[in-house]
Amino acid sequence: MHIGVPREIKPLEARVGLVPDACSELVAAGHGVFVEIGAGVPSGYPDEQYRGAGATVCDSAQQLYEFAELIVKVKEPVEGDLRYLHREHILFSYLHLAAAPALLQRLQAIGLTAIGFETVQDDAGFLPLLAPMSDIAGQLAIQLGAGLLHAPQGGKGLLIGGTAGAERGKIVVIGAGTAGTAATCAAASLGALVTVFDRKRERLEAMREVGNNVTALYAWPDCIASAVLEADLVIGAVLIPGARAPHVISAEQVSRMQAGSAIVDISVDQGGCIETTRPTDYTNPTYRVDDVVHLAVTNLPGAVPRTASQALSAALSPFLLPLANGALDENGALRRGINVRDGEICHPALLSSLKAK
């Protein structure tokens, strides 16, 4: 199969779909790999490394899309990508279509097969292609959120770990999946007082093991509301695979948060789990609602493209060969990841989200 890796054109998106080592593996298996010129440069991978891996470097996106049958990219296609996609393509990328109905309609109209990284799910319910980016996003949520609390950023002037003679910051994490766990661990390691909410007992037990400065609670709405009012930093990390994220924090609750506090909504790709969330990017990442600073960048891991590209390629490797070998329908995890096929919506959670509107 001919596999294409285009250059990402979403604002300040510097990740690349496949690093050279991943391309080398595919070439060794007999597949052709085409990489758009400069695609890997922002992640630290020059074109020469792709040529050394046996890939063909294409001079333009148009040329790449003409050669390729399978398109492997990081973020969902934007207008500059959509004009080159056609019905014979298999698109393999992060899609988050429950929060992007216009894009969903475009992909349906094109008639291609679109597989979302975030909906590839194994027999145990694990999301192997979402997990590495969720892990990175959770860590970044704390790193960036801690900075938002600094006075020069308009925050309340708080060091989240505190120090001798000063109070520790209070961090609330909603959701203890991969992103929420990463955020909880990062916040706890800095010395903050962390309260994490989830509905699964096994996740709450795991969070208690992180440290004595972590409190793990069942996600009762009233408990969340009380914790949010006292929080310095709130991390939204709610995920229902393939579906739009439910609002677990209302605009009214945000209005009663302390002035200078901050929110980072990792769930923004799926619409956000906080009512006041609206998507942003790294060109203008934050905004204020009721004197609470919000960060809702839809591609948080794009800030660390080398780390993120390496982690993504490692996770993709076990799935690319069966997909390239034509075994899409024989691989259960990949089959569950299909969002659109021949113009029809295939994913049950995506269908349910659309019906719920």
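The values are calculated or read from the model by the stated rules, or taken from the named source; none is laboratory data. Computed from a prediction, not measured in an experiment: that's the story for all the values here. Note that each Cβ is placed from the backbone with ideal geometry, even for glycine, and that neighbours are counted across all protein chains shown.
Are any of the residues in region 62-81 at pLDDT 95 or above and farther than 20 Å from L18 by Cβ? The answer is no, given that none of the residues of region 62-81 is at pLDDT 95 or above and farther than 20 Å from L18 by Cβ.
To keep it simple, each residue is scored yes or no on (1) in contact with a Pro (Cβ under 8 Å, 6 or more places away or on another chain); (2) within 26 Å of G302 (Cα to Cα).
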residue	(1), (2)
D123	no, no
L140	yes, yes
L149	no, yes
G157	no, no
I171	no, yes
K200	no, no
E205	no, no
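Of these, A166, A100, A109, which one is in the same structural domain as G326 (by TED's automatic domain parsing) and under 30 Å from M257 (Cβ atoms)?
A100
Just one residue in the set A219, A231 is in contact (Cβ under 8 Å) with a residue 60 or more places away in the chain, touching a strand residue (DSSP E or B) at 6+ places or on another chain (Cβ under 6 Å) and closer than 30 Å to D290 by Cα; that residue is A231. Applying the set (1) β-branched (V, I, T); (2) under 14 Å from V5 (Cα atoms); (3) surrounded by 21 or more Cβ atoms within 10 Å (Cβ to Cβ) to I136 leaves exactly one unmet item: (2).
Candidates Q62, Q49: the one that is among the polar types (S, T, N, Q), without any contact (Cβ under 8 Å) to a residue 24 or more places away in the chain and surrounded by fewer than 23 Cβ atoms within 10 Å (Cβ to Cβ) is Q62.
Okay, residues lined up against (1) part of a helix (DSSP H, G or I); (2) among the hydrophobic types (A, V, I, L, M, F, W, C); (3) without any contact (Cβ under 8 Å) to a residue 24 or more places away in the chain:
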| site | (1), (2), (3) |
| --- | --- |
| G260 | no, no, no |
| V264 | no, yes, no |
| S267 | yes, no, no |
| H294 | no, no, no |
| P322 | yes, no, yes |
| R335 | yes, no, yes |
| L351 | yes, yes, yes |
| L354 | yes, yes, no |
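Only a single criterion out of (1) under 18 Å from the mean Cα position of the chain (by Cα); (2) at pLDDT 95 or above is not satisfied by L350, namely (2). For region 6-41, a residue qualifies if it is in contact with a Lys or Arg (Cβ under 7 Å, 6 or more places away or on another chain) and either within 15 Å of R51 (Cβ to Cβ) or at pLDDT below 95 (or both), and the qualifying residues are K10, E13, E36, G38, A39.
P152 satisfies every condition listed in (1) assigned to a helix (DSSP H, G or I); (2) modelled with pLDDT of 95 or more except (2). Among residues of region 197-216 being in contact (Cβ under 8 Å) with a residue 24 or more places away in the chain and outside any helix (DSSP H, G or I), the one that is nearest to A164 (Cα to Cα) is N213.
Is region 184-196 home to any residue that is surrounded by fewer than 16 Cβ atoms within 10 Å (Cβ to Cβ), in the same structural domain as T286 (by TED's automatic domain parsing) and more than 22 Å from S267 (Cβ to Cβ)? Taking every residue of region 184-196 in turn, at least one turns out to be surrounded by fewer than 16 Cβ atoms within 10 Å (Cβ to Cβ), in the same structural domain as T286 (by TED's automatic domain parsing) and more than 22 Å from S267 (Cβ to Cβ). Restricting L95, L91, L112 to those that are in contact with a helix residue (DSSP H, G or I) (Cβ under 8 Å, 6 or more places away or on another chain) and in contact (Cβ under 8 Å) with a residue 60 or more places away in the chain reduces the list to L95.
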